[in-house]
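See structure below.
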Amino acid sequence: MKNSIKVFAPATVANVVCGFDVLGFAVNEPGDEVIMQLTDKPGVVITKITGDNGRLPLDASKNTVSASVQHYLHHINRPDIGVSIELHKKMPIGSGLGSSSASTVAGLFAINSLMNNQLSANELLPFAMKGEELACGYGHADNVAPALMGGFVLIRSYEPLDIIRLPHPDNMYAAIVYPEVDVPTKDARQMIRSKVLLKDAVTQWGNIAGLVSGLFMKDFDLIGRSMTDVLVEPTRSILIPDFYKLREIALSNGGISFGISGSGPSVFAFAKDENTAHNITQQIQQHLSGLKIGSKAFISKVNEGGPRILD
Ligand code: HSE
C-alpha cells in the first residue's frame, strides 16, 4: 500500500449566476495541494500550512481538511490509521473560488487513494459537505461537487443528494478576476433575504432552466441571456467594487455573460474563445487598478477531471 501522496484539487465557480447553491463548475487553475503521509501514530494531524498568511487553523478538529479526513476514517472504521497532512494553499482565501472546498477535496481524495479508493466520488461528497459546514456554517455542495467530480454540475436535490453532470460547449472559457477585497462566505450568506417574491422565483427558475438548456444545446446566446440573477446578486453586488461597471466592461468586450463567482468577490464572464477571455480580464483588471484595487486573473475552460494525483 502506498503510504504518501500529493494531490491537487481545483477551484470552482459556484452558483453560475442564476443557480444559487445548485450549479457549479471546476476550473483548471487555481487550486490547492495536499501532501498526505500515513504514520504509525493513530489520529490526524496537520503539520504544515503554506500560502494562507497564518489564517487557517492547525488544530485538526477545526481545519476543514483534517476534520473531513477524521470523518472519513471514522466512517470506514479505521480509527487506528495515523495521518499527517501538509496543506499548500495556491489560491486566495475568501475569494469566491471555493478555496476551502479545494483543500477539503484534495484531502479527501488523498486519504481515499491511500485507502485503496474504498469510496466513490459520490460517496465522498457528504464528507466534503461537512467541511463546507465547518468553513461557512452551511454544507452547500455547489463548490465541493464540481471540485470532487470535475465538470459542470447541477445539484438537483440536497435531500436526497442528486448530482447531475451537465454538458457544455467545448470552447467555453471562463474569464475570472479576483479583486483583492475579502468577502467571507459566512457573511455573504447572512446578508441574503430568506423570503423571495413569487414573480422573482418565476424569473429565476426560467433562467436556470434556460441556462441548463443552453448548455445542452451548446447555444451561447441562450446561456448568456439566462445568466441573470434577481435573487442574490442585487444584494451581494454591493460587496464588489464597481460591480455594474465591471459587467459593462465584460459584456462590451465580447463576454456572453457576467456575474459573481460563488459568494464573491471574484467575478467571471464566459467567452467563446481564449483571446476574448484574456481581453476581458485585462480590461477588468485595468479598471480595478484605477480604483487602487489589486487583482488576480485566471482563464480556464471547464476542468473535466477534478482532483488529480501529482506524486
Ligand atoms: N452557493 C454558495 C453561496 C457558494 O453563494 O453562498 C459559496 O462559494
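Taking Cα centre as origin and charging only the Cβ of basic (Lys, Arg, +1) and acidic (Asp, Glu, -1) residues, the dipole magnitude of the chain rounds to 240 debye.
Give the dimensionless ratio obtained when the Cα radius of gyration of region 18-94 is divided by 2.2 N^0.38 Å. Mind showing how you got there, number by number?
On the way: Rg = 14.6 Å, N = 77, 2.2 N^0.38 = 11.5 Å.
My calculation over the Cα atoms of region 18-94 gives 1.27.
For region 265-299, the list of trypsin sites (Lys or Arg not before Pro) that fall in a loop by DSSP and count at most 10 other C-beta atoms within 10 angstrom reads Lys292.
Solvent-accessible surface of region 175-218, averaged per residue with a 1.4 angstrom probe and all protein chains in place: 59 square angstrom.
Across the chain, where is the longest run that never hits GluC sites (Glu not before Pro) in a DSSP loop with at most 15 other C-beta atoms within 10 Å?
On the way: sites that count: Glu180, Glu304.
The longest such stretch corresponds to 1-179.
For the chain, find the longest principal axis of its Cα atoms and tell me its angle to the long axis of helix 198-217, 0 to 90°, nearest 10. That works out to roughly 80 degrees.
Pairs exceeding a 30 Å alpha-carbon distance, out of Lys199/Lys301; Lys6/Lys296; Lys6/Lys130: Lys199/Lys301.
Only helices enter the 222 nm calculation for the chain: every DSSP H run of n ≥ 4 contributes -39,500 (n - 2.57), and dividing by all residues gives -11000 deg cm²/dmol, rounded to 500. The C-alpha atoms of the chain define a longest principal axis, and helix 99-114 lies at about 40 degrees to it. Just to confirm the number: angle between the C-alpha axis of helix 121-136 and the first principal axis of the chain, 0 to 90 degrees, nearest 10? The angle comes out near 80 degrees. Once the Cβ-Cβ distance between Ile192 and Phe216 is put in as r, and R0 is 51 Å, what FRET efficiency do you end up with, to the nearest 0.05? E(calc), rounded to 0.05, equals 0.95. For a test of the definition: using alpha carbon positions, the gyration tensor, and the 1.5 limit on a/c, classify region 22-164 as rounded, prolate or oblate. Cα axes put region 22-164 in the oblate bin. Evaluated on region 153-311, the Kirkwood hydrodynamic radius is 16.8 Å, with distances taken between all distinct Cα atoms. The mean sequence distance of close C-alpha pairs (under 8 Å, at least 6 residues apart), as a share of the length of the chain, puts its relative contact order at 25 percent. Every Cα-Cα pair in the chain was counted, and those over 35 Å apart are 17% of them.
The apolar share of the surface of region 4-166, taken as the fraction of accessible area on carbon and sulfur atoms (1.4 Å probe, ligands and nucleic acids excluded), comes to 49 percent. A Gaussian network model of the chain, with springs between Cα atoms under 10 Å, assigns the largest mean-square fluctuation among Ser194, Ser263, Ser103 to Ser194.
Kirkwood's formula applied to the C-alpha pairs of region 133-174 gives a hydrodynamic radius of 11.6 angstrom.
Can you tell me which of Gly150, Gly206, Gly24 moves the most in a GNM of the chain? Springs connect C-alpha atoms under 10 Å apart. For the chain, modelled as a Gaussian network with Cα springs under 10 Å, the answer is Gly206. Please report the carbon-and-sulfur percent of the accessible area for region 173-301; probe 1.4 Å, protein heavy atoms only, DNA, RNA and ligands left out. Ligands and nucleic acids excluded, carbon and sulfur reach 54 percent. Restriction of the trypsin sites (Lys or Arg not before Pro) in region 205-239 to DSSP coil positions whose beta-carbon has at most 14 other beta-carbons within 10 angstrom yields Lys218.
Please give the charge dipole size of region 173-301, origin at the Cα centre, charges +1 on K and R Cβ atoms and -1 on D and E Cβ atoms. Round to the nearest 20 debye. If you can, show how the numbers build up before the last one.
Working: 14 positive and 12 negative charges, 55 e Å.
With Lys and Arg at +1 and Asp and Glu at -1, about 260 debye.
The values are calculated or read from the model by the stated rules, or taken from the named source; none is laboratory data. The structure presented is a predicted model; accordingly, all values stated were derived computationally and were not measured. Neighbour counts run over all protein chains shown; Cβ positions are idealised from the backbone, glycine included. What goes into the accessible areas is simple: the full protein's heavy atoms, side chains included, and nothing from ligands, DNA or RNA. Shrake-Rupley method; radii C 1.70, N 1.55, O 1.52, S 1.80 Å.
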